[in-house]
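This report concerns only the one structure given below.
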Amino acid sequence: MTVTSYFLPDSVPEALGLLETHGSSLLVMAGGTVAMPLINEGISLPGVVMGLRRAGLDRIERVGAELRIGATVTLTRLLDQDTVPMLRQAAGRTASWSIRNMGTVGGNLFTPPPGGDVAVALLALDARVTLTGPRGDRTVPLSEFWTGFMTSDLRPDELLTSITVPIEPGATTFVKFGRKHANTPAVVTVAVHLAVQGGTVTGARIALGAAGPHPMRAPGAEAAITGSALEPEAVGEAAAAAARECQAFTDGVASEWYRRRMVGVFVLRALTELAQPAGPAIGGGA
Amino acid sequence: MDKVIVTFELAGRDVDVMVSPMTTLQSVLRNQLGHTAVKDGCRQGGCGSCTVLVDGEPMMSCLLPVEDVAGRSVITLEGITPTDGLHPIQQAFLDANGYQCGYCTPGMIVVAKALLDHNPSPSRDEVVDALSGNVCRCTGYLPIIEAIESAVRAAGQQEARA
């Protein structure tokens, strides 16, 4: 163990002060479910670490037509809320009970693929993140937050403090395909939010996980079903587009070849599930 | 490197430990406090053999810097075991052969305790889901699931008699 100091700030200003003092040498950790395995294994050898468990970022509250989730709200707490059903579904398919008691919503956004299932749901829900720095807060749509594998728009002097999810009507579904039923890394994760008017899809957000360097939208697939009534042809076209445009990769879970095909299969299944005989159903809430 | 002193509650009793920064709760419990039921398994949060209860919730002690549990309540299998005899869940594991080599058993029983504390009559699916973070390479899980189901039934009968 090479850690010389471990800080547990009691507030965001204190945490920002530590960031300013130590700069990028400070490892920021929330639930520890990603950072601690690397430290225990000697892969990550940080000198100074900041834990966020006491920083006062663990509130979850509905504000008007939005759900505001503090960065260190645990995944278990997403299971206790009914405001955004897709987040409950996503948390329920993530890791195991003990890990959900530790892992946080904010931390999930920094979990490398094929992890980070809740982040995929948040992307389909059009969430925004609040980044707090010495000059105050700025808000970034999640669709613009990630810039590459394990890189993001977060500046070295900023902390991701909350995630805001709009509560809007629409049809949603969350599908995760892994090698086991539970506690399994994803071959692919698909989260969909559709806005529907009179049986016609007027807006679509299709988010893919484990299909690129970070959770990503599938714009070609979204375009293929927008304006449709989720007819089998449109759904098939969307699935084919998603398989083409994803950035599937090979790891110990699945090969690039297999993942790309499974992206098509599970986008097809997700959209088929949303297609009712009388057109897409409007679900309750987001 | 400066050591730090951390105070937390272990099975209802305050304990102080002096550690290097970020020593894991797993290491403190096993190596400093003699709670050897807390196994040093994968150190990745992947096997569940180090599971303990923190404020009643199951967590992987290998992923917790001990500083994070300062002022909080920690319970290991040693804290669940009565002074005399066995806890009903332990007895159920014994009766149903819910173990073979025994390495995963402490974590399994700690999770089972948390499950029954939260939900005294879980369905089989709920038992299976609760155990999904705990790996057993011997039993194939069935005797473990059956042990927990039998502990649930025993507690129900106890309740009915009371």
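Readers should treat all values here as calculations from the given coordinates under stated rules, not as data from a laboratory. Everything quoted here is computed from the prediction, not taken from an experiment. Virtual Cβ from ideal backbone geometry, glycine too; neighbours counted across all protein chains shown.
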With the dipole of the range B:1-44 worked out from charges on the C-beta (+1 for Lys and Arg, -1 for Asp and Glu) around the Cα centre, which of B:M18, B:T36, B:T7 lies farthest toward the positive end?
-> B:T36
q = 0.12, 0.13 Å⁻¹: log10 I(q)/I(0) that the Debye formula gives for the range B:88-161, counting C-alpha atoms only = -0.27, -0.31
Once Rh for chain B is found with the Kirkwood sum over Cα pairs, what is the Stokes-Einstein diffusion coefficient at 4 °C and 1.567 mPa s, in µm²/s?
-> 80
Yeah, the protein assembly as shown with a ≥ b ≥ c from its alpha-carbon gyration tensor (a/c under 1.5 is rounded, else prolate when a/b outruns b/c, oblate otherwise) is oblate
With runs of 4+ DSSP H residues as the only contributors, calculate the mean residue ellipticity of the protein assembly as shown at 222 nm using -39,500 (n - 2.57) per run, divided by the residue total and rounded to the nearest 500.
-> -9000 deg cm²/dmol
What is the dipole size for the range A:102-158, taken about its Cα centre, with +1 at each Lys and Arg Cβ and -1 at each Asp and Glu Cβ, in debye to the nearest 20?
-> 80
Using the Cα centre as the reference, give the magnitude of the dipole from point charges on the C-beta atoms of the protein assembly as shown (Lys, Arg: +1; Asp, Glu: -1; all else neutral), rounded to the nearest 20 debye.
-> 640
Just flag the trypsin sites (Lys or Arg not before Pro) in the range B:89-162 sitting in loop per DSSP whose Cβ has no more than 11 other Cβ atoms within 10 Å.
-> B:R137
Dipole moment magnitude, nearest 20 debye, chain B about Cα centre, only Lys, Arg, Asp, Glu C-beta charged = 380
For the range A:5-51, the Debye formula with one identical point scatterer on each Cα and no solvent gives log10 I(q)/I(0) at q = 0.19, 0.25, 0.28, 0.30 Å⁻¹ as -0.57, -0.91, -1.06, -1.15
Name the trypsin sites (Lys or Arg not before Pro) in the range A:147-222 that are in a loop by DSSP and that have at most 13 other C-beta atoms within 10 Å, would you?
-> A:R179, A:K180
Sorted by Cβ density within 10 Å, fewest first, the residues B:V69, B:V38, B:V17 = B:V17, B:V69, B:V38
Using the Cα gyration tensor of the range A:171-274, the equivalent ellipsoid's semi-axes, largest first and to the nearest Å, work out to 24, 13, 11
So for the protein assembly as shown, taking the charge dipole from beta-carbon charges (+1 Lys/Arg, -1 Asp/Glu), which of A:I225, B:G102, A:G107 sits furthest toward the positive end?
-> A:I225
Potential lengthening between A:R59 and A:R179 on full extension [0.36 nm per residue; Cα-Cα distance subtracted] | 39.8 nm
Cross-link partners of B:K3 among aspartates and glutamates (Cα-Cα below 20 Å; sequence separation of 8 or more within a chain) | B:D14, B:D16, B:E67, B:D68
